[in-house]
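A short worksheet on the structure shown next.
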Amino acid sequence: MRIAVFASGSGSNFQSIVDATLEGRLDARVELCVSSRPDAGVVDRARLLGIPVLVLSGSIDVHLAELKETLETQKIDIIALAGFLKKIPSELIQLDPLRILNIHPALLPQFGGPGMYGMRVHEAVLAAKETISGATVHIVDEEYDSGPIVMQRTVPVLPTDTATDLAARVLKIEHELYPEALQLFAKNQITINGRKVSY
Ligand code: GRF
């Protein structure tokens, strides 16, 4: 399976996916890194690894033709969004059989949707006095954070937690969860019927 990771941040999830492929836990290869920021940490990580990088600044719609061509040339089977801060155009979501996954740092369907990203997610979890949070891998549809859920994993929220503490605890399990979820696709072990995902 050939993966493209779309990310705009430090790229720790990108790194965990690459590591899983190199360590034989994920039967796939990361063939492309797409970023909306040329100065993002993920871009440096990809360049160091010799993985091709495509930087899309401004609106994705402007770059859609170039992006589609690159995905085709690299024969990408699946896109893993990992902190990519731009909305994915419908035209890309509808490309069959291309799959698009996203990882969200909370237990969807709670604490998701427009504006719910980065520290805001963890601040909202703390404000709601939740005792459990976690991470969710889901299939991307036309709305933010609303597609069918593939896998979730929980972490405790401690009474002394700051948003930064909670973010670090969640990020740690994201690094396990994303490669595991991707492996289900690599092994063709997943069936999706409407919103129901089974494996
Ligand atoms: C992660 O928390 C992910 O859940 C969210 O964006 C963050 C990306 O972090 N969608 P990193 O760049 O992979 O370190």
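The values are calculated or read from the model by the stated rules, or taken from the named source; none is laboratory data. All figures in this text were calculated on a predicted structure; none of them were measured in a lab. Counting neighbours? That spans all protein chains shown, and the Cβs are built from the backbone with ideal geometry, glycine included.
Summary table
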read-out	value
Matching option when the condition is part of a helix (DSSP H, G or I) and either in contact (Cβ under 8 Å) with a residue 40 or more places away in the chain or over 14 Å from the mean Cα position of the chain (by Cα) (or both), among 143, 174	174
Test set (1) assigned to a helix (DSSP H, G or I); (2) within 16 Å of the ligand (Cβ to nearest atom) - residue 51 fails condition number	(1)
Single unsatisfied condition, residue 186 versus (1) over 25 Å from residue 86 (Cβ atoms); (2) within 12 Å of the ligand (Cβ to nearest atom)	(2)
Residue 98 surrounded by fewer than 17 Cβ atoms within 10 Å (Cβ to Cβ) and either free of Cβ contacts under 8 Å to residues at least 60 places away in the same chain or within 13 Å of the ligand (Cβ to nearest atom) (or both)	yes
Those residues of region 146-171 which are surrounded by 15 or more Cβ atoms within 10 Å (Cβ to Cβ) and not in a loop (DSSP other than H, G, I, E, B), in sequence order	149, 150, 151, 152, 153, 155, 163, 166, 167, 169, 170, 171
Residues being within 16 Å of the ligand (Cβ to nearest atom), under 15 Å from residue 154 (Cβ atoms) and not hydrophobic (A, V, I, L, M, F, W, C) - total across region 126-141	3
Residue match in region 102-114 (condition: buried (at least 18 other Cβ atoms within 10 Å of the Cβ), assigned to a helix (DSSP H, G or I) and modelled with pLDDT of 95 or more)	no
Verdict on residue 154 being out of contact with any Asp or Glu (no Cβ under 8 Å at 6 or more places or on another chain), closer than 27 Å to residue 28 by Cα and without any contact (Cβ under 8 Å) to a residue 60 or more places away in the chain	yes
Of the criteria (1) out of contact with any Phe, Trp or Tyr (no Cβ under 7 Å at 6 or more places or on another chain); (2) within 17 Å of residue 13 (Cβ to Cβ); (3) assigned to a strand (DSSP E or B), which one residue 197 fails	(2)
The listed residue being assigned to a helix (DSSP H, G or I), within 16 Å of the ligand (Cβ to nearest atom), of a type outside the set (Lys, Arg) and free of Cβ contacts under 8 Å to residues at least 60 places away in the same chain, out of 18, 30, 34, 62	18
